[in-house]
Amino acid sequence: EVHLVESGGGLVQAGGSLRLSCAASGFTFDDYAIGWFRQAPGKEREGVSCISGSGASIHYADSVKGRFTISSDNAKNTVSLQMNSLEPEDTAVYYCATHEDLVSLITDAPGGYWGQGTQVTVSS
């Protein structure tokens, strides 16, 4: 069974950094797109950053370009999100998710899998 476990969330001041990690199991990591989504109170869930199984294609939301960096370690079946220059607007529950390709993942097509999330809180 597909299993995704996020870690690394916490409380940080504006301008600080956090690194989130997602440990994946139950599927062939190299063949699936995987990435990060977030949901803040009162807002819809949004895509933050995703990467294809091969690593050839990467997506970033406009709001995080230049501040966040996604990376994957296929040998360890993990994906990380380095978050720098954090802003209060980044406060949200961050979820790791996987799907067969980037388009399916970003559009939340049927067949995707989600972790339970990790809380990121950025204070002013």
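The values are calculated or read from the model by the stated rules, or taken from the named source; none is laboratory data. A quick note: this is a predicted structure, and the numbers were derived from the prediction, not measured. Positions of Cβ are backbone-derived with ideal geometry, glycine not excepted, and every protein chain shown enters the neighbour counts. All accessible areas refer to the heavy atoms of the entire protein, side chains included, with ligands and DNA or RNA removed. Shrake-Rupley method; radii C 1.70, N 1.55, O 1.52, S 1.80 Å.
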Residues in segment 72-99 that are assigned to a loop (DSSP other than H, G, I, E, B) and more than 15 Å from Leu4 (Cβ to Cβ): how many? 7
Looking at segment 67-124, which of its residues are touching an Asp or Glu at 6+ places or on another chain (Cβ under 8 Å) and among the β-branched types (Val, Ile, Thr)? Val79, Thr118, Val120, Val122
With the structure loaded, tell me whether Ser21 is open to solvent by less than 50 Å² (accessible area, probe 1.4 Å) and outside any helix (DSSP H, G or I) or whether it fails that test. yes
Of residues in segment 76-107 being among the hydroxyl-bearing types (Ser, Thr, Tyr), more than 14 Å from the chain's Cα centre (by Cα) and open to solvent by 40 Å² or more (accessible area, probe 1.4 Å), the one farthest from Trp36 (Cα to Cα): Ser85
Cβ-Cβ under 6 Å, sequence separation 6+ or interchain: first residue in segment 106-124 and without any contact (Cβ under 8 Å) to a residue 24 or more places away in the chain, partner surrounded by 11 or more Cβ atoms within 10 Å (Cβ to Cβ). Which pairs? Gly112/Ala97; Gly112/His99
Which of the residues belonging to segment 45-71 are outside any strand (DSSP E or B), modelled with pLDDT of 95 or more and open to solvent by 70 Å² or more (accessible area, probe 1.4 Å)? Asp62, Lys65, Gly66
